[in-house]
4 protein chains.
Amino acid sequence: MQRVALIGLGLMGSGMARNLLKAGFPLVVYNRSLEKGLPLRDAGAEVADTPRQAAEGADVVISMVADDGASRHIWLGEAGALEGARPGMVLIECSTLSTRWVRELAGRAQDMGCQFLDAPVTGSQPQAEAGELTFLVGGDARTLEQVEPILKAMGRTIHHLGPTGSGATMKLINNLLVGVQAAALAEALHLAESAGLDTSQVLDILSNGAVGSAVVRTKGPKMLSGDYSTQFALRWMHKDMTYALDEGVERTVPLPTVAAAREIYRMALARGLTDADFAAVVEVLRGA
Amino acid sequence: MQRVALIGLGLMGSGMARNLLKAGFPLVVYNRSLEKGLPLRDAGAEVADTPRQAAEGADVVISMVADDGASRHIWLGEAGALEGARPGMVLIECSTLSTRWVRELAGRAQDMGCQFLDAPVTGSQPQAEAGELTFLVGGDARTLEQVEPILKAMGRTIHHLGPTGSGATMKLINNLLVGVQAAALAEALHLAESAGLDTSQVLDILSNGAVGSAVVRTKGPKMLSGDYSTQFALRWMHKDMTYALDEGVERTVPLPTVAAAREIYRMALARGLTDADFAAVVEVLRGA
Amino acid sequence: MQRVALIGLGLMGSGMARNLLKAGFPLVVYNRSLEKGLPLRDAGAEVADTPRQAAEGADVVISMVADDGASRHIWLGEAGALEGARPGMVLIECSTLSTRWVRELAGRAQDMGCQFLDAPVTGSQPQAEAGELTFLVGGDARTLEQVEPILKAMGRTIHHLGPTGSGATMKLINNLLVGVQAAALAEALHLAESAGLDTSQVLDILSNGAVGSAVVRTKGPKMLSGDYSTQFALRWMHKDMTYALDEGVERTVPLPTVAAAREIYRMALARGLTDADFAAVVEVLRGA
Amino acid sequence: MQRVALIGLGLMGSGMARNLLKAGFPLVVYNRSLEKGLPLRDAGAEVADTPRQAAEGADVVISMVADDGASRHIWLGEAGALEGARPGMVLIECSTLSTRWVRELAGRAQDMGCQFLDAPVTGSQPQAEAGELTFLVGGDARTLEQVEPILKAMGRTIHHLGPTGSGATMKLINNLLVGVQAAALAEALHLAESAGLDTSQVLDILSNGAVGSAVVRTKGPKMLSGDYSTQFALRWMHKDMTYALDEGVERTVPLPTVAAAREIYRMALARGLTDADFAAVVEVLRGA
């Protein structure tokens, strides 16, 4: 069985690690703050002190971190995972990153004779824990085949989108729509409350109508109740829309509604809603 | 059985008229261009020469026209329906209109001793023909009770939102979300095609994911195929977003993503896509 | 000498009235709250109880009020000025209004045999008091000639833009640019302060550079000092941008930066900055 | 006298080089396409084959290139200028770059014991040729003092904004306002032409009014005449607004009108107006 290293033990990474252990993969994990690795050590994983150490014995190295900066750090930083890489090793980036950085990283991997897949996921903590993530994969089909059992241990569905970077782009396309749908929902619900409508009824009608997506159904109640317990932090939504806009710049694609929505999320950041669920964007509209 | 007058025989009004006839309501219809009334005359409706004439013998007058201007014209214009109104009569506005105008019209109706409901619908031509519309109703509950059999002849679901204007506001809230979701989808799909992704696959993933609303599922294929045969004309989407923004102004509710999206629809109007399906908004992004 | 009626004694109207008196024009004034007329009565003006009464003896009736609603009220409301109008009288609208309403009002005036000019002004209170306003006039050239001495008593420059409504449109074009320049300046200065730059130096460089307009030079210091003593209230800036966007809708002209800026002004309204100078828009960006 | 190396001989760099020669500075120049150096060789400059070679004998190295990528290439690329740097040398970046890259570059310079100034300029080709540029400088005051004679040879005014990166930020602040003012002017002028106004008169009034900046006075005529001969290419305006938005992201400053305007410039890029003057942005609004 392939030996797997998993770097990044946030809400997502921890769930993914548990499912790898359940499926019987020999696993070494790394996280910046080591205490997040302890429960996994109890469950049978080895805990490495550095990304390099995690990578050294592995056949497949998976990363699940916050953003381009974190990804650059764990792969290329001091005692980074690429220092522990060997030709033939498969590197899988599951983080949501800019396509530009993913391509640069893939190039570095290739220089070292490694295979590389970008494989960001949709689904959040519950899906990560249940092993029901969806993988959006870019890279070589044969490489994907090689690691399919590993991905299947963590997720239910695997979409192969095309060459390197395609998975990253697909993820950004998905998340830009999430971000705009939620921002527009915030505007709609605040208009409803300002007009004195019964907002539960309004949300119910929207949820069952033409615009009724999971975003509407899950974020609407949070906006109405003001319960911003975090499923997906506003800072990451802002980051994903930023990466999407960067890709628009690179490919000369105008993204005017994304651009408008991103500024509202940044207004929310400026108000300190950084770590709240991104449903909190509605607070910007509510004024004081 | 109540005698019904129906004014406005576009795609929606014609379907509604047929269902009223099927349900056995004595029906008189009016349309600006009279030939649209002919098939309904064959089906048993009386055809009036003016809105006033249509209203004169009726217990309930229903309007289904394009915008505030058309509504004002058929109710208050020369030989308008209000000239034919009698105390006790019920007037039902099913058009998608500005809340401001709906309230003014309701006031005029009240001045004449009439009951008034704003009852815009969701659903488009197929639902109108199948009698499966959803009514979003504002106004007095007892008035609604009184005309419920009539609405039930044309639709499946009736939501009573509150006092006069609530139905209009609910409809605008719905449509502003439709407009933003479609504009953002256009941006997302054009980014996908510019990135060289398989756009059918992308749309499939989006349709089955967190953003997968009926808007995404029905407008996406039109954007990809370039088949803009009209289900809902771009001019009316632009109009509805304009009415929603007007309500934002009136209620001091900021609507930044709606504002951004409306301008893109107006760019599409400036390019002559006025009568195309609003999915054609993607053409603005595609440049030349 | 022509007898003049002036309706609306706000900051602008009061200054205009004084200059008409100075120039020797027999003057009757009207204001909703009558006490604003008292100082002018002391200065020689007659004070009317209603717009109609003000208009009755006059050759020329001038209106200087807040918005379409106020204009409609003083011309067409109960005891409105048009009730006191006679054929041959010249009606001059100096308020900043929507082109649509100006055209409707001009039609009403014409129906009564009156001449009509839309003649909004640029300049604010100091210019009104000093008789140094600039008039942006739409309407018939001969009518303008007839009242030129009156306008010259209040202003220095008269631009004749074309037929009815042209003055109104020109004013909205001017003010939409004022609104966007100020909103962008707010963004720029807040970026400067967030970057730790010396904001006085930054404003100085901007004021003397390619973007150095009077808007930059007069609004910048207010934004930096937080002194929002009102030269032009934020609510009116929001109103003017709304009228400009309405004209964009009517003429199928996309106005994306105006649309974005208007929503920021509305955010400021939602925070209660309604009567502050519109320079206060910067507070929306400053977050908490 | 200090020996100067100047890298980048575009419209700006060529003018700057001539003025350095006029002032008697020993000068070596480098440009990617070498033929741009020939006229300067005839005028007394030495022409280097690589940035490194240019830097090797110099006391002061000046860069004037297009964007972050070009700057990175000439400083850090193969045979880059930093390879020719010696401790004590002064490096001056006059290009308009992102603050983030400027800070990274300054760090690299410091690592080598060099002094670093970011000193982007305002003014375009005519000012570069006339030696009338304005320098916006970030970095150490003593370093600036050291090179002041060199800057004075090329420009008239030197603003010292603060530590490293301050000049870059100031330049982006300036250019974001240029970009928004021009985009809003395009909207205003297209509204004027759609309303049938005399656009020359409109522009004249705007130019002499509250919004009358140099941007309005110089870009307005280009928009009206359709003469987009390039003073500043649309691609660079889009780039500068992108860098400004990046800085907004980094400093959590919302920039909603900048965001809206940038997307319009990108629409213009999507239509192939890449190398036209940025006044061509008006074409996006004109539709077909």
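Does C:GLY57 satisfy being touching a residue at least 40 places away in the same chain (Cβ under 8 Å), open to solvent by less than 10 Å² (accessible area, probe 1.4 Å), farther than 19 Å from C:ALA106 by Cα and touching a Pro at 6+ places or on another chain (Cβ under 9 Å)? Write out each step before concluding.
Numbers: touching a residue at least 40 places away in the same chain (Cβ under 8 Å): yes; open to solvent by less than 10 Å² (accessible area, probe 1.4 Å): no; farther than 19 Å from C:ALA106 by Cα: yes; touching a Pro at 6+ places or on another chain (Cβ under 9 Å): yes.
No; evaluated as a whole, the condition is false for this residue.
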Query raised in the report: Does at least one position in region B:180-189 carry a residue that is outside the structural domain of B:GLY138 (by TED's automatic domain parsing) and open to solvent by 10 Å² or more (accessible area, probe 1.4 Å)?
Result: no
Query raised in the report: So C:THR230 fits all but one of (1) closer than 22 Å to D:TYR265 by Cβ; (2) touching a strand residue (DSSP E or B) at 6+ places or on another chain (Cβ under 9 Å); (3) touching a residue at least 24 places away in the same chain (Cβ under 8 Å); (4) not basic (Lys, Arg); what number is the exception?
Result: (1)
Requested in this report: Can you give me the number of residues within region C:85-109 that are of a type in the set (A, V, I, L, M), within 14 Å of another protein chain (Cβ to nearest Cβ) and over 11 Å from C:ALA119 (Cβ atoms)?
Outcome: 0
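Please go through region D:40-51 and pick out each residue that is open to solvent by 30 Å² or more (accessible area, probe 1.4 Å) and out of contact with any Phe, Trp or Tyr (no Cβ under 9 Å at 6 or more places or on another chain). Can you show your working first?
From region D:40-51, those open to solvent by 30 Å² or more (accessible area, probe 1.4 Å) are D:41-44, D:46-47, D:49-50; that's our starting set.
Answer for region D:40-51, where residues must be open to solvent by 30 Å² or more (accessible area, probe 1.4 Å) and out of contact with any Phe, Trp or Tyr (no Cβ under 9 Å at 6 or more places or on another chain): D:ARG41, D:ASP42, D:ALA43, D:GLY44, D:GLU46.
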Report task. Test B:SER166 against the criterion of being under 20 Å from B:LEU27 (Cβ atoms) and polar (S, T, N, Q), and give yes or no. Result -> no
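Taking A:VAL211, is it of a type outside the set (Phe, Trp, Tyr) and at the interface with chain B (Cβ under 8 Å from one of its Cβ atoms)?
Working: of a type outside the set (Phe, Trp, Tyr): yes; at the interface with chain B (Cβ under 8 Å from one of its Cβ atoms): yes.
Yes.
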Report summary line: Subset of region D:143-183, residues more than 20 Å from C:LEU206 (Cβ to Cβ) and within 16 Å of the chain's Cα centre (by Cα), comes to D:LEU151, D:MET154
Query raised in the report: Condition test on A:MET112, is it out of contact with any His (no Cβ under 6 Å at 6 or more places or on another chain) and either modelled with pLDDT under 95 or open to solvent by 10 Å² or more (accessible area, probe 1.4 Å) (or both)?
Result: yes
Requested in this report: May I ask you to list the residues in region A:256-288 that are more than 10 Å from every other protein chain (Cβ to nearest Cβ) and assigned to a loop (DSSP other than H, G, I, E, B)?
Outcome: A:ASP275, A:ALA276
Query raised in the report: Which pairs do you get when a residue that is more than 12 Å from B:ALA54 (Cα to Cα) and at pLDDT below 95, found in region B:20-43, comes within reach of a residue that is open to solvent by 60 Å² or more (accessible area, probe 1.4 Å) and outside any helix (DSSP H, G or I), reach meaning Cβ atoms under 8 angstrom, with the pair 6+ apart or on two chains?
Result: B:LEU34/B:ASP49
Query raised in the report: Restricting attention to region A:209-247, and to residues there that are open to solvent by 60 Å² or more (accessible area, probe 1.4 Å) and among the polar types (S, T, N, Q), which single residue is nearest to A:LEU172 (Cα to Cα)?
Result: A:GLN231
Query raised in the report: Hey, B:GLY179 hits all of (1) under 26 Å from A:ALA261 (Cβ atoms); (2) without any contact (Cβ under 8 Å) to a residue 60 or more places away in the chain but one; which does it fall short on?
Result: (2)
Query raised in the report: Restricted to region D:235-244, and to residues that are among the aliphatic types (A, V, I, L, M) and more than 8 Å from every other protein chain (Cβ to nearest Cβ), which residue is farthest from C:LEU197 (Cα to Cα)?
Result: D:MET237
Query raised in the report: Could you list, in sequence order, the residues of region D:256-283 that are in contact (Cβ under 8 Å) with a residue 60 or more places away in the chain and more than 16 Å from A:MET267 (Cα to Cα)?
Result: D:ALA261, D:ARG262, D:ILE264, D:TYR265, D:PHE278, D:ALA279, D:VAL281, D:VAL282
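So that you can scan it fast, the table gives a plain yes or no per residue for (1) among the hydroxyl-bearing types (Ser, Thr, Tyr); (2) modelled with pLDDT under 95; (3) open to solvent by 10 Å² or more (accessible area, probe 1.4 Å); (4) more than 21 Å from D:ARG108 (Cα to Cα):
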{"site": "D:THR143", "(1), (2), (3), (4)": "yes, no, no, no"}
{"site": "D:MET154", "(1), (2), (3), (4)": "no, no, no, yes"}
{"site": "D:HIS160", "(1), (2), (3), (4)": "no, no, yes, yes"}
{"site": "D:THR164", "(1), (2), (3), (4)": "yes, no, yes, no"}
{"site": "D:MET170", "(1), (2), (3), (4)": "no, no, no, yes"}
{"site": "D:ILE173", "(1), (2), (3), (4)": "no, no, no, yes"}
{"site": "D:LEU176", "(1), (2), (3), (4)": "no, no, no, yes"}
Query raised in the report: How many residues, within region C:202-227, are in contact with a strand residue (DSSP E or B) (Cβ under 7 Å, 6 or more places away or on another chain) and over 17 Å from D:VAL215 (Cα atoms)?
Result: 1
Requested in this report: Run B:VAL253 past the list (1) without any contact (Cβ under 8 Å) to a residue 24 or more places away in the chain; (2) crowded, with 20+ Cβ neighbours inside 10 Å; (3) not aromatic (Phe, Trp, Tyr); (4) not in a loop (DSSP other than H, G, I, E, B) and report the number of the one that doesn't hold.
Outcome: (4)
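The values are calculated or read from the model by the stated rules, or taken from the named source; none is laboratory data. The structure displayed is predicted, hence computed values, not measured ones. Here the Cβ is made from the backbone with ideal geometry for all residues, glycine too, and neighbour counts use every protein chain on show. Areas reflect the complete protein model, heavy atoms only, side chains present, ligands, DNA and RNA absent. Shrake-Rupley method; radii C 1.70, N 1.55, O 1.52, S 1.80 Å.
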